[in-house]
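The block underneath contains the structure these notes are about, expressed in structure tokens.
The values are calculated or read from the model by the stated rules, or taken from the named source; none is laboratory data. Computed from a predicted structure; not experimentally measured. Note: ideal-geometry Cβ built from the backbone for every residue, glycine included; neighbour counts use all protein chains shown.
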């Protein structure tokens, strides 16, 4: 049921397979399948006002997230507002991914949502596995500061004294808070 005067949106909540169990190639192919499912849902309801939120278990720069046939999520609003990119004659609809702006140290905020010291030669330590992706049709309702990494639940810290996610209190991932202005 749709209430008069309200804008309906599609909210896609996901928890994609972990890097501990799936290869990067399998993750990318899963994103391509997810993108197809989202497009089918948008066709079914007759609009593309879609938000995808969840644990992608991939960083914003990985192929499944940025790949045209994957989620096609760009770091730049201006690029997302072009709505589509074309690769080899095929059009792919953009998502805007504001999570790029949360990488690195910003005052008291953590440099990512998930920390893992892999002990390998290539080690990112901080990752941005938890993401909010927004279709261009919703960007006028999504403020530039429309998403934040949550570090406290009320007065309870979700991070240890060492500045890492506290799995004893909440999770090994930090949650996100996002808002749209309708």
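For region 149-159, the set of residues classified as under 21 Å from residue 16 (Cα atoms) and in a strand (DSSP E or B) consists of 149 only. Report yes if residue 46 is at positive phi, exposed (fewer than 12 other Cβ atoms within 10 Å of the Cβ) and at pLDDT 95 or above, otherwise no. So residue 46 fits the description; yes.
The residue list 65, 53, 45 contains one member that is in contact with a strand residue (DSSP E or B) (Cβ under 9 Å, 6 or more places away or on another chain) and without any contact (Cβ under 8 Å) to a residue 40 or more places away in the chain, which is 45.
Residues are listed down the side, and each one gets a yes or a no for (1) part of a helix (DSSP H, G or I); (2) at pLDDT below 95:
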{"position": "92", "(1), (2)": "no, no"}
{"position": "99", "(1), (2)": "yes, no"}
{"position": "112", "(1), (2)": "no, no"}
{"position": "115", "(1), (2)": "no, no"}
{"position": "121", "(1), (2)": "no, no"}
{"position": "133", "(1), (2)": "no, no"}
{"position": "137", "(1), (2)": "yes, no"}
{"position": "144", "(1), (2)": "no, yes"}
{"position": "161", "(1), (2)": "no, yes"}
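Checking every residue in region 34-53 against the condition of being under 17 Å from the mean Cα position of the chain (by Cα), more than 24 Å from residue 140 (Cα to Cα) and in a loop (DSSP other than H, G, I, E, B) gives zero matches.
Restricting attention to region 101-110 and to residues that are surrounded by fewer than 17 Cβ atoms within 10 Å (Cβ to Cβ) and within 19 Å of the chain's Cα centre (by Cα), the residue that is modelled with the lowest pLDDT turns out to be 106.
Candidates 13, 28, 24, 33: the one that is closer than 28 Å to residue 118 by Cβ and surrounded by 14 or more Cβ atoms within 10 Å (Cβ to Cβ) is 28. Of the residues making up region 163-182, those that are surrounded by 17 or more Cβ atoms within 10 Å (Cβ to Cβ), under 18 Å from the mean Cα position of the chain (by Cα) and part of a strand (DSSP E or B) number 2. The number of residues in region 115-137 being exposed (fewer than 10 other Cβ atoms within 10 Å of the Cβ) and either within 26 Å of residue 177 (Cβ to Cβ) or in contact with a helix residue (DSSP H, G or I) (Cβ under 9 Å, 6 or more places away or on another chain) (or both) comes to 0.
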